[in-house]
Each structure stands twice: as structure tokens, then as C-alpha cells.
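The values are calculated or read from the model by the stated rules, or taken from the named source; none is laboratory data. All of these numbers come straight from a predicted model, not from anything done at the bench. As a convention, Cβ positions derive from the backbone with ideal geometry for all residues, glycine included, and neighbour counts pool all protein chains shown.
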Amino acid sequence: KNKGAGNNCPHSLDLALLLIRLGLAAVFLTHGLSKLMNIEGTAGFLGSLGFNGFFAWLVALAETLGGLAMLAGFWTCLAGTALAIVMIFAMVLVKFNAGFVGGWEYDLILLINALAVILAGPGKYALGCGCKGCQMKKQANKPDSAKTAAVSVMQNNKK
């Protein structure tokens, strides 16, 4: 039997989601603000890939606002989607030729974490996601009698 700390803590999933969101916020806020403060350099780099200056603003704002949303736990479905798209483009257009190690492995971890927040929602320790999908997840995660009965049976079997 797995006796990990998370098995006995009723808040472990919410704490895990908070940690994922805080990690995403730290990375994307830092990188987004850096791009905003040097928007000419960002535009020049993206221009070398064939994109116009509009995309420099789009990426910089997606990273900055996405990072803020992850920090607050608000509109995380939308923010996670924007951040996932940015990471997919970064992996394919910029890092793919460098290979996995030293190339796109870091971006993959950021992508997976953004997808995890999209799928699981922001967790309990959040301002509350205004995304319709997250509201549905909250409804879907409400305990019903079948879930409650199953949990009771499983807990009784552990004793």
C-alpha cells in the first residue's frame, strides 16, 4: 500500500495544483516581462523566424498575463491554453532541431504543466476560474452518493 503523505491529506490535490500554478507563474511572468521590456529584441527574433511585430506583443502578453492568471488562479483555462500554444510553437519553431536534451525538454515540462491546469482546474487555492469549463469541472467533482459509497468502502477495506 502507498503510504505517501498525499494519501492522508484532503488538500493534497489542491496544494499540488497551487504549486504547479506558482511554478508556471514564476517562469512565464519572468519571461513575459523580459520580452515586454525588450519588445524590439523579441520582435527581431520572431522576425528572423518569419513573424511580424504583432506576434512579439502577442507572445509577450500571453506569457505575462498567463503568468499573472496562474499566480492568481483566475481564468486558468484560458491562460493555460495560451501558454500551451506558446510552448508548442517554441518547441516546433525554435527548439526542435536542438533535440530533446538541451532543446525542447524544458518547454515540454511547461506544456505538460499548463495542460494539467487546463484539465484539473486551478484548485481550491485560487481566486476562482471564470472559465465555463472550470465551472463544469467543479460540478463534476462534487461528491455524489456513488462516489461517497465507493470511498467509504475503500476506506473500510484499509482498516
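Taken residue by residue, the range 63-71 has no member that is farther than 30 Å from LYS124 by Cβ and assigned to a helix (DSSP H, G or I). Cβ-Cβ distances below 6 Å connect the following pairs, each with a first residue in the range 2-19 that is closer than 17 Å to LYS124 by Cβ, a second residue that is modelled with pLDDT under 65, and a separation of six or more residues or different chains: SER12/GLY6. Residues that are outside any helix (DSSP H, G or I) and on the phi < 0 side of the Ramachandran plot within the range 72-87 comprise just one, PHE74.
In a residue-by-residue description of the range 97-105, the property of being part of a helix (DSSP H, G or I), surrounded by fewer than 19 Cβ atoms within 10 Å (Cβ to Cβ) and of a type in the set (D, E, K, R) applies to at least one position. Among the residues of the range 33-56, those that are within 27 Å of ILE20 (Cα to Cα) and either crowded, with 16+ Cβ neighbours inside 10 Å or of a type in the set (A, V, I, L, M) (or both) comprise LEU33, LYS35, LEU36, MET37, THR42, PHE55, ALA56.
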